[in-house]
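Participant: One structure is given below, represented as structure tokens, and several questions about it will come after.
The values are calculated or read from the model by the stated rules, or taken from the named source; none is laboratory data. Fair warning: this is a prediction, and the values are worked out from it, not measured in the lab. Positions of Cβ are generated from backbone atoms using ideal geometry, with glycine treated the same way; all protein chains shown enter the neighbour counts.
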């Protein structure tokens with residue numbers, strides 16, 4: 001059986017398993033197991049455990065459950081509601097202030113959690129009903145939250161960037177810096193489109209719903225500021241080289257947990273155990289996907305599929321920007337069917353040498369790759385954020401959610417184009433803070 005047929009069969013098997021509703025980690029693992037078993041027979045059992053374990057046996061991965069715990073502590077507390085309320089009170093006099101405050105809350109909450117689904121769920125539960133109550137079109141209310149939630153994997157601290165850093169052996173602190181300005185840029189672009197979309201659909205902004213006094217606007221800040229300081233402190237020790245990602249994540253998780261417990265008086269065992277339970281479920285899910293993705297990548301490599309694809313891309317006698325366009329299409333297709341973590345674990349080691357040999361900055365490429373993964377979060381058939389929005393807003397037709405999210409996909413494409421024209425948006429800050437990588 002030639003390499004092309006083997007590759008097509010294993011990919012088709014994976015899509016078939018995903019179509020049955022099987023969890024992604026199990027689908028990846030089973031497709032890889034069957035392919036390896038057909039190739040090597042019972043010999044596969046000698047390497048099965050070691051291969052999967054090697055996918056997660058890295059000390060740097062300790063930072064992932066710590067950042068997840070940090071996010072779970074915020075998402076499981078009223079912190080999200082306080083953040084949303086504070087932004088709404090400060091922006092309520094701005095035309096379109098509610099939709100702007102929702103996207104802004106998604107951006108800030110992303111920095112607290114590093115998780116897109118958590119951001120969608122936490123902000124969407126409050127923001128979508130309020131926007132619908134004030135007459136915003138269904139597609140605007142749901143699409144803005146679905147898109148805003150994708151910022152969770154771009155704005156640092158980002159689990160996706162951590163996985164990329166470990167997979168490619170690049171600096172996680174530098175990756176976080178590279179994501180700051182693109183994250184801000186994409187947030188502003190989302191806000192601009194939301195306002196345009198509202199006006200295009202005939203929605204008349206009216207800022208006269210509620211008037212807040214300065215005292216009311218300042219009331220929520222004491223609870224929000226500690227979280228913002230923790231995020232700033234975590235990023236500072238990472239950027240300054242004071243602590244490793246694991247150390248910074250551990251300290252950030254501990255401080256966040258203490259602030260949540262003290263500020264919101266979550267002294268009951270059930271409340272605290274719920275935070276740890278939520279963090280454990282998400283961490284185990286991520287680690288299972290990473291272990292299964294490692295096995296899947298090993299299967300593709302054993303069948304020489306990875307090497308063949310990499311060689312075919314590398315041997316393309318085309319301009320390097322045409323090469324980058326091909327890579328982007330490849331990533332977009334992968335992101336539509338697989339979660340960001342799985343795509344990065346499987347593709348980053350293969351693409352990293354290709355993009356560096358073509359003269360592209362690996363940290364800039366990490367941001368381009370991440371925005372591609374954001375697109376996958378709001379496009380069918382997987383579209384995790386779409387499912388989250390559908391669950392928290394069951395009265396909104398699925399069609400409205402899809403049509404509301406689609407324009408933000410185009411905004412992300414525009415963001416990728418801007419980054420291609422002005423790569424300094426991603427590279428300037430890390431180069432200024434840490435020096436230019438030779």
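Participant: Regarding the stretch 318-334, can at least one residue be identified that is at pLDDT below 85 and assigned to a helix (DSSP H, G or I)?
Facilitator: yes
Participant: Within the stretch 350-362, work out how many residues are assigned to a helix (DSSP H, G or I) and within 21 Å of residue 426 (Cα to Cα).
Facilitator: 8
Participant: Now for a different question. Could you tell me which numbered condition residue 300 fails, if it satisfies all but one of (1) closer than 28 Å to residue 361 by Cβ; (2) without any contact (Cβ under 8 Å) to a residue 12 or more places away in the chain; (3) in a helix (DSSP H, G or I)?
Facilitator: Exception for residue 300: condition (2).
Participant: Let me ask something else. Out of 367, 286, I need the residue that is within 20 Å of the chain's Cα centre (by Cα) and modelled with pLDDT under 80. Which one?
Facilitator: Going through 367, 286 in turn, just one is within 20 Å of the chain's Cα centre (by Cα) and modelled with pLDDT under 80: 286.
Participant: Sticking with this structure for a sec: Would you pick out the residues in the stretch 333-358 that are touching a residue at least 12 places away in the same chain (Cβ under 8 Å), over 14 Å from the mean Cα position of the chain (by Cα) and over 21 Å from residue 298 (Cβ atoms)?
Facilitator: Once the filter is applied, which keeps residues that are touching a residue at least 12 places away in the same chain (Cβ under 8 Å), over 14 Å from the mean Cα position of the chain (by Cα) and over 21 Å from residue 298 (Cβ atoms), the stretch 333-358 yields 355, 357, 358.
Participant: May I pose another question? Somewhere in the stretch 314-324, is a residue in contact with a helix residue (DSSP H, G or I) (Cβ under 6 Å, 6 or more places away or on another chain) and in contact (Cβ under 8 Å) with a residue 40 or more places away in the chain?
Facilitator: yes
Participant: Next question. Which pairs have Cβ atoms under 7 Å, sit 6 or more apart or on different chains, and link a residue in the stretch 364-393 that is without any contact (Cβ under 8 Å) to a residue 60 or more places away in the chain to one that is in a loop (DSSP other than H, G, I, E, B) and surrounded by fewer than 24 Cβ atoms within 10 Å (Cβ to Cβ)?
Facilitator: 376/382
Participant: So if I check each of 142, 119, which one is at pLDDT 85 or above and either in contact with a helix residue (DSSP H, G or I) (Cβ under 9 Å, 6 or more places away or on another chain) or closer than 24 Å to residue 425 by Cβ (or both)?
Facilitator: Sole residue among the options that is at pLDDT 85 or above and either in contact with a helix residue (DSSP H, G or I) (Cβ under 9 Å, 6 or more places away or on another chain) or closer than 24 Å to residue 425 by Cβ (or both): 142.
Participant: Being within 30 Å of residue 407 (Cα to Cα) and modelled with pLDDT of 85 or more is true for just one of 209, 205, 176. Which residue is that?
Facilitator: 176
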